[in-house]
1. Among (1) more than 26 Å from Ala223 (Cβ to Cβ); (2) among the aliphatic types (A, V, I, L, M); (3) touching a Gly at 6+ places or on another chain (Cβ under 6 Å); (4) assigned to a helix (DSSP H, G or I), which single condition is Ala76 missing?
2. Out of Leu131, Leu74, Leu127, Leu85, which single residue is surrounded by fewer than 18 Cβ atoms within 10 Å (Cβ to Cβ), among the aliphatic types (A, V, I, L, M) and more than 30 Å from Ala202 (Cβ to Cβ)?
3. Checking Val164 against (1) closer than 21 Å to Leu120 by Cβ; (2) open to solvent by 20 Å² or more (accessible area, probe 1.4 Å); (3) of a type in the set (Val, Ile, Thr), which single condition isn't satisfied?
4. Within the stretch 162-209, track down each residue that is in contact (Cβ under 8 Å) with a residue 40 or more places away in the chain, part of a helix (DSSP H, G or I) and within 11 Å of the ligand (Cβ to nearest atom).
5. Ser143 is checked against (1) hydroxyl-bearing (Ser, Thr, Tyr); (2) within 17 Å of the chain's Cα centre (by Cα); (3) within 23 Å of Lys8 (Cα to Cα) and fails just one. What number does that condition carry?
6. Within the stretch 134-159, can you find the residues that are assigned to a helix (DSSP H, G or I) and either surrounded by fewer than 19 Cβ atoms within 10 Å (Cβ to Cβ) or within 11 Å of the ligand (Cβ to nearest atom) (or both)?
7. Could you please find all residues in the stretch 111-124 being open to solvent by 10 Å² or more (accessible area, probe 1.4 Å) and hydrophobic (A, V, I, L, M, F, W, C)?
8. Considering each of Asp191, Asp233, Asp218 in turn, give the residue that is touching a Cys at 6+ places or on another chain (Cβ under 8 Å), acidic (Asp, Glu), open to solvent by 20 Å² or more (accessible area, probe 1.4 Å) and modelled with pLDDT of 95 or more.
Amino acid sequence: MADPIAGKVVVITGGSSGLGEAAAHCLAARGAKVVVAARRKDKLEGVVGSIKSAGGEARPFVVDVTSKDEVGALIAEAISAYGRLDTMINNAGLMAIAPMEEGLTGEWDRMIDINIKGVLYGIAAALPQFLKQGSGHFINMSSVAGIKVFSPGGAVYSGTKFAVRAISEGLRQELASRNIRVTTIEPGAIDTELKYGTSDKAARAAVEEVYKTSIGSDSIARAIAFAMEQPPDVDVNEIVVRPTAQVF
Ligand code: NAD
């Protein structure tokens, strides 16, 4: 039987490292056509180069998800290159953990812009194509921090990830009758660059401690593939994946 992921046109934001990079490799290895998007051109080209040398189909696209126009151009490029769009993975994110009394308002702004507005721009750009096709799949990256708040330092990051869950669930309800699927993924501690996102030294040390039991990005790539490989009438709504050793 043919792999249900083969031939799917997938856009992944935050594809230059971590979960996005692992998902790009995993999906391309199963025959998906992947547009790998992030800000760092050299990193993107490295990811796409290694997918291609393994025989996969991928193309890089430099995007800052805080720009509505750039995210619109990303989706237009995917459709122009491959003729359709099957899955939009809104994955780019920033975790800047710090107690609120530090008042790092610049990092609050960045998290809101990347984690919330970036996801909304991805939805706004992909949805018209999904509606036109009568099919599509949004996969939005929330977090265990989108289910519970970790203190001290997690308030704003959690706020953004609660927002991703709320937006995803509202979107799911609105699109249920339109043959468009919505999946929210809530990872626990996964070993990526995310843990270096804060400028607060004490918070960074605390985060690194928590990440001592972290697991690899391939765990989330498999969760994404699981949601994607279901038949069209099955929508895996939420997947929580923690390291076995993670208590919270
Ligand atoms: P990561 O830092 O390796 O990857 C984040 C990616 O987002 C990078 O490619 C980065 O370049 C990109 N990015 C950041 N700002 C961007 C912007 N403005 N425009 C475009 N791209 C931008 O970390 P990761 O762990 O792979 O994170 C991916 C997602 O998973 C994030 O949304 C994160 O919140 C979520 N998540 C991660 C964990 C974890 O423990 N690693 C846990 C829960 C949720």
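The values are calculated or read from the model by the stated rules, or taken from the named source; none is laboratory data. Because the structure is predicted, anything quoted here is derived from the model rather than measured. So basically every Cβ, Gly included, is an ideal-geometry build from the backbone, and we count neighbours across all protein chains shown. Accessible surface areas use protein heavy atoms only, side chains included; no ligands, DNA or RNA. Shrake-Rupley method; radii C 1.70, N 1.55, O 1.52, S 1.80 Å.
1. (3)
2. Of Leu131, Leu74, Leu127, Leu85, the one residue that is surrounded by fewer than 18 Cβ atoms within 10 Å (Cβ to Cβ), among the aliphatic types (A, V, I, L, M) and more than 30 Å from Ala202 (Cβ to Cβ) is Leu131.
3. (2)
4. Val164, Glu193, Leu194, Lys195, Val207
5. Among (1) hydroxyl-bearing (Ser, Thr, Tyr); (2) within 17 Å of the chain's Cα centre (by Cα); (3) within 23 Å of Lys8 (Cα to Cα), Ser143 violates only (3).
6. Val144, Ala145, Gly146, Ala155, Tyr157, Ser158, Gly159
7. Within the stretch 111-124, Ile112, Ile114, Ile116, Leu120, Ile123, Ala124 qualify.
8. So the residue among Asp191, Asp233, Asp218 that is touching a Cys at 6+ places or on another chain (Cβ under 8 Å), acidic (Asp, Glu), open to solvent by 20 Å² or more (accessible area, probe 1.4 Å) and modelled with pLDDT of 95 or more is Asp218.
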